[in-house]
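Beneath this line is the structure, given in structure tokens, with notes to follow.
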Number of protein chains: 2
Amino acid sequence: MTELVVTTYDWVPVPPRGYVRDLRIRWALEEAGLPYRVQPVPFRERGEEHLAHQPFAQVPWLLDGELSIFETGAILLHVAERGGAFPPDDPARRAAVTEWVFAALNSVEMASLPWTLFKFSGDETGTPGRKALDRFLALRLDRMEAVLAGREWLAGDFSVADIAMSDVLRLIDRFDGLAEHPAVRAYVARATARPAFVKAHADQMAHFAAADAARA
Amino acid sequence: MTELVVTTYDWVPVPPRGYVRDLRIRWALEEAGLPYRVQPVPFRERGEEHLAHQPFAQVPWLLDGELSIFETGAILLHVAERGGAFPPDDPARRAAVTEWVFAALNSVEMASLPWTLFKFSGDETGTPGRKALDRFLALRLDRMEAVLAGREWLAGDFSVADIAMSDVLRLIDRFDGLAEHPAVRAYVARATARPAFVKAHADQMAHFAAADAARA
């Protein structure tokens, strides 16, 4: 087995701490019980080497031997495969996890992340486009409420799909956007109570705190 | 081999025609040379049976024997696998295609689709949130411009990643949002000139035209 290496920034300002996307990968690796190492890359200077691994100049990417993989969705599926979550004789399991990872990162986050851009900007102007965006997010949350009222996790047992979905929903909750969706809120609470999330989150916070200390 | 069945609506209004997401799946199936059947589902009434296949009440989903898969990203990866695009001895190919499918449907479409909501609304109000959204899209397009200036397709040979990415970018082009990104525009033109796209697009347009004729 080759070594697994997760990249993240060497430092970030306080607001995104606890939400930087290496969290999703740390969480999946903790759930899978796979050993890994975290490798910091410069936050302030992102040169050609960074772009060769992550063309949008973001983090994380995963190194697995000669493989370098970007996009948290692709990394989560790779980690699930690596951790034995997709038995070859059960194509339905792979399909169910894969479709819900995409549901999190396309159907839901496509509505929620732009909505948080307006929230971060303190922009509450009710222009027609903004109303369309709010309706788009409400539609998605209404559907997730119906789904999550009837099941504990998205694809049978807990999977990387729940990591992607609960982390997407967690950012909405940060701006109190789940107040009218109790099953969705309960799902986020259930997911983030898992020991693997608690460790991954604490490790990310400690990583950036250590960076502050080193600069002080 | 089980039969492959792609669902789409039995009818849609004119504006989304040519952009309904069964197009991506038709295109991938045409590229792979896999036979398939198109099954219409009601546009106006989407009941429990619809939601059991597609929890966001959208189309398409793919039926492959006992498997029912939703989310175009998950379906595209399944079709690629079915068509032999992922040789077992080449994990790098699977990883590269997978990360670029996610890049299209998360990193890029998360910026572009909300931007088109404002465009569809005729909303050009420059509020702080809207400026943040415009910057978000411009950042993504700038990075895609750099990537596409240096390569013909995203992951080596043409793949389902190019179907996802070019279809996401095509909707931006519809609102003339690629004017400052010539390599991106050339990529969309290159992708949509492929015979498999031309057939898939013509088939979708004919499907909805036949629905008009049946109602007349």
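The values are calculated or read from the model by the stated rules, or taken from the named source; none is laboratory data. Everything numeric here is computed off the predicted structure, so don't read it as measured data. Counting neighbours? That spans all protein chains shown, and the Cβs are built from the backbone with ideal geometry, glycine included.
So that you can scan it fast, the table gives a plain yes or no per residue for (1) at pLDDT 95 or above; (2) among the polar types (S, T, N, Q); (3) in contact with a His (Cβ under 8 Å, 6 or more places away or on another chain):
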| position | (1), (2), (3) |
| --- | --- |
| B:H50 | yes, no, no |
| B:P55 | yes, no, no |
| B:V79 | yes, no, no |
| B:P87 | no, no, no |
| B:L105 | yes, no, no |
| B:V108 | yes, no, no |
| B:L117 | yes, no, no |
| B:S121 | no, yes, no |
| B:G150 | no, no, no |
Residue within the range B:86-105 that is within 29 Å of A:T127 (Cβ to Cβ) and touching a residue at least 12 places away in the same chain (Cβ under 8 Å) present: yes
Residue check, A:Q54 in contact with a Phe, Trp or Tyr (Cβ under 8 Å, 6 or more places away or on another chain) and of a type in the set (S, T, N, Q): yes
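Yes/no matrix, rows are residues, columns are (1) more than 17 Å from A:T98 (Cα to Cα); (2) more than 7 Å from every other protein chain (Cβ to nearest Cβ); (3) aliphatic (A, V, I, L, M):
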residue	(1), (2), (3)
B:P88	yes, yes, no
B:R94	no, yes, no
B:E109	yes, no, no
B:S112	yes, yes, no
B:W115	yes, yes, no
B:K119	yes, yes, no
Pairs where the first residue, in the range B:170-199, is closer than 15 Å to B:R151 by Cβ and the second is basic (K, R), C-beta under 7 Å, 6+ apart: B:V188/B:R170
Residue satisfying condition, being over 12 Å from A:P55 (Cβ atoms) and in contact (Cβ under 8 Å) with a residue 24 or more places away in the chain, within set B:E124, B:E145, B:E152: B:E152
Members of the range B:138-193 that are crowded, with 21+ Cβ neighbours inside 10 Å and touching a Pro at 6+ places or on another chain (Cβ under 9 Å): B:M144
Unique match (being more than 29 Å from B:E81 (Cα to Cα) and of a type in the set (A, V, I, L, M)) among B:A193, B:A202, B:A138, B:A189: B:A138
Meets criteria (within 14 Å of chain A (Cβ to nearest Cβ) and either in contact with a Leu (Cβ under 8 Å, 6 or more places away or on another chain) or farther than 18 Å from B:F102 by Cα (or both)) for B:A164: yes
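Per-residue answers, yes or no, for (1) within 30 Å of B:R82 (Cβ to Cβ); (2) within 17 Å of the chain's Cα centre (by Cα); (3) not assigned by TED's automatic domain parsing to the domain that holds B:G177:
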| site | (1), (2), (3) |
| --- | --- |
| B:G129 | no, no, no |
| B:D142 | no, no, no |
| B:L148 | yes, no, no |
| B:F158 | yes, yes, no |
| B:S166 | yes, yes, no |
